[in-house]
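Notes for the one structure printed next.
The values are calculated or read from the model by the stated rules, or taken from the named source; none is laboratory data. Not measured: the values here are computed from a predicted model. Positions of Cβ are generated from backbone atoms using ideal geometry, with glycine treated the same way; all protein chains shown enter the neighbour counts. What goes into the accessible areas is simple: the full protein's heavy atoms, side chains included, and nothing from ligands, DNA or RNA. Shrake-Rupley method; radii C 1.70, N 1.55, O 1.52, S 1.80 Å.
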Amino acid sequence: MESSSEQSEKHQGGRLENRAVDKDAIDVAAQLTAGSDMTVDPQVSLRLRRKIDRHLMPLMCMLYLMTFADKTTLGQSAVLGIIPGAHLTQTQFNWLGTIFYLSFLVFQYPQNLALQHLPVGKWISANIFIWAVALCAQSTCHSFGALFACRFIMGMCEGVVTPGYMIITSMFYTREEQMRRTGYWFGFNGVAIIILGFVSFGVLHSATPKFMPWQWLMIITGISTLIVSVIFWFFFPDSPTTARFLTPEERILAVLRIKTNQAGVENKHWKREQFIEAFKDPKTWVMALFTAVINVTNSLTNQRQIIVNQFGFTEIQTTLLGCVDGAVEVFSIYVAVNLATRFRNSRGYVAALFFVPSIAGSILVNCLPSHDRVGLLVSYWINILVFPPFVILLGWVGSITAGHTKRVTTNAIILCAYAIGNAVGPFMWLKRYQPRNHAPWAVISSCAFVSAILILTLRLMLAVENKKRNAEPYDDTYHNVYIIETDSDGKATEKTVDKAFLDLTDKQNREFRYVL
């Protein structure tokens, strides 16, 4: 019999030999499922998914709503008096939007590393608590420098939310379920816009001369987020392997339920070879380029109140019309993720399809006469359909990337690109282009067109790779892998580990097929 040192895990170019492996090298789910021959009945799986939905979705949606509402308070404040109240120029106002995403960019990879090493739910809630304090502090700011510092802190903390949510969604849901769930929590951005519109309408009627409407908005949203972050700390799970709302047996079933993902749950140990693979993988950079280009258009988030106001609507009308922005976003995201889920291998096509009306809308905003304010407003609303394709990508990434370190690294690269696009976008909204902003709208049309090409390119790359793998002989490299467990009597037992929980990357695991 081999010695324990001979049975330890061996790496050869990132490959595992067919023998005993170190527990630290494999997925945390392997320790729950090793040696188990349990299967998940479809009805049991459905009941379990509903239970997970009941405990996860309300908290995820509520926190995402609050964080989006918080970071868009700047845009709402544009018509609530922040520019004169804080003595800002248009350029300084644009910088407040940019510094948020520059900070997001700088702290993106450190935040993703923290998500790998620390409990996911706890780390998210701690960051959002700090974020909420920074948001409340903005209500006391009357200078560009003070607001700049608060926005920098918020950007640093926001870097944990979306990647954390992407990891959580891939932990608890199958690849078929991930797209809809991503759409559900991301769609609450639109709900946030609706709520923020009514709150802005209310604070515009506040009668406190020494405390302006924009300051009330910061306080109200900040305190609300503070409360949600505390609730999130106590009630949100870090992993299906430790979720308190699941029984010990349900935890095993929750892990087995996502075995078909061939991506595991998580691994707390950083792997250099997976980190390098993420950078060498061409699809990573196609997704990153798509993300950077499409998020140049996201500068509309902070500019939309100014844009609608300059169409010829009053401040009161603008705050209420902003609610329609949110309704359009919620509806379009819901339709997009359901179409992408309902029709097999349609993610790339659905994303590209949504760019068609959005391009038409941005062209109409540029071409309609200035006196046609209703036509301009409706065209602007049509352009909001530019947002769902990015949601589709977020729900797609976890389905086409395996290996926990690789997934964390890929998320970081994509969200760094997200930060770059969002940081660049505000600078095209220059004072000299107002009120019609022809140049920015032309850029938005171009970005949508390029993004459509990129998302179709991604789909083609994945389809070609699937076809190549289908033609390959069966790969048994990672079969007959086991861990050795010692009981209280000192007796060693070998427990087989399923290939899905070896923390293999999508390149290493040739059984992995990319969702299209």
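Using every pair of separate Cα atoms, the Kirkwood estimate puts the hydrodynamic radius of the chain at 24.0 angstrom.
Classify region 191-293 as rounded, prolate or oblate, taking a ≥ b ≥ c as the square roots of the eigenvalues of its Cα gyration tensor: rounded when a/c is under 1.5, otherwise prolate if a/b is larger than b/c and oblate if not.
The shape class here is oblate.
Find, among the chymotrypsin sites (Phe, Trp or Tyr not before Pro) in region 314-347, those assigned to loop by DSSP (not H, G, I, E, B) with at most 14 other beta-carbon atoms within 10 angstrom. Let's see the in-between values first.
Working: sites: PHE331, TYR334, PHE343; in loops: PHE343.
Answer by residue number: PHE343.
Taken per residue, the accessible surface of region 275-473 reaches 37 Å², heavy atoms only and a 1.4 Å probe. Here's the picture: charge each Lys and Arg Cβ at +1 and each Asp and Glu Cβ at -1 in the chain, and of PRO473, PHE343, TRP441 the one pushed furthest to the positive end of that dipole is TRP441.
Counting lysine pairs in region 275-473 whose alpha carbons fall under 25 angstrom apart, excluding pairs fewer than 8 residues apart on the same chain, gives 8.
Sorting 236-249, 161-174 by average packing, meaning the other beta carbons within 10 Å per residue, from highest down gives 161-174, 236-249. Counting only protein heavy atoms and a probe of 1.4 Å, the accessible surface of region 41-266 is 72% carbon and sulfur.
Over region 135-187, the reciprocal of the mean inverse Cα-Cα separation, the Kirkwood hydrodynamic radius, stands at 13.2 Å. If you bin all the Cα-Cα distances of region 41-266 at 5 Å, starting from zero, the percentages per bin are 1, 7, 14, 17, 17, 14, 10, 8, 6, 4, 2, 1, 0.
Around the Cα centre of the chain, unit charges on the Cβ atoms of Lys, Arg, Asp and Glu (plus for the first two, minus for the last two) sum to a dipole of about 1260 debye.
Computed from phi, the 3J(HN,Hα) profile of region 358-368 under the Karplus parametrisation 6.51, -1.76, 1.60 (θ = phi - 60°) reads 5, 5, 4, x, 5, 5, 5, 4, 6, 9, 5 Hz, with x in place of Gly and Pro. Residues in region 504-514 carry Karplus couplings, in order, of 8, 7, 5, 7, 5, 8, 6, 7, 5, 10, 7 Hz; the curve used is 6.51 cos²θ - 1.76 cosθ + 1.60 with θ = phi - 60°, and Gly or Pro positions show x.
Calculated on C-alpha atoms, the gyration radius of region 275-473 divided by its Kirkwood radius gives an Rg/Rh of 1.03. Ranked by the mean number of other Cβ atoms within 10 Å per residue, highest first, peptides 366-372, 77-83 order as 77-83, 366-372. Relative contact order of the chain, taken over Cα pairs closer than 8 Å and 6 or more residues apart, is 26 percent.
For region 91-100, backbone phi angles converted through the Karplus equation (6.51, -1.76, 1.60; θ = phi - 60°) give residue-by-residue couplings of 5, 5, 4, 4, 5, 5, x, 6, 5, 4 Hz, Gly and Pro being listed as x.
By the helix-only formula, in which each DSSP H run with n ≥ 4 contributes -39500 (n - 2.57) and the sum is divided by residues, the chain has a 222 nm mean residue ellipticity of -22000 deg cm²/dmol.
If you find the alpha carbon centre of region 150-209 and of region 436-460, how far apart are they in angstrom? That distance is 24 Å. When a/c reaches 1.5 or more, the comparison of a/b and b/c decides; with that in mind, is region 305-382 rounded, prolate or oblate per its Cα gyration tensor? Verdict is oblate for region 305-382. Placing +1 on each Lys and Arg Cβ and -1 on each Asp and Glu Cβ, with no other charges, gives region 275-473 a dipole about its Cα centre of roughly 420 debye. Rounded if a/c is under 1.5, else prolate if a/b beats b/c, else oblate: with a ≥ b ≥ c from the C-alpha gyration tensor eigenvalues square-rooted, which is region 383-457? Note, shape of region 383-457 comes out prolate.
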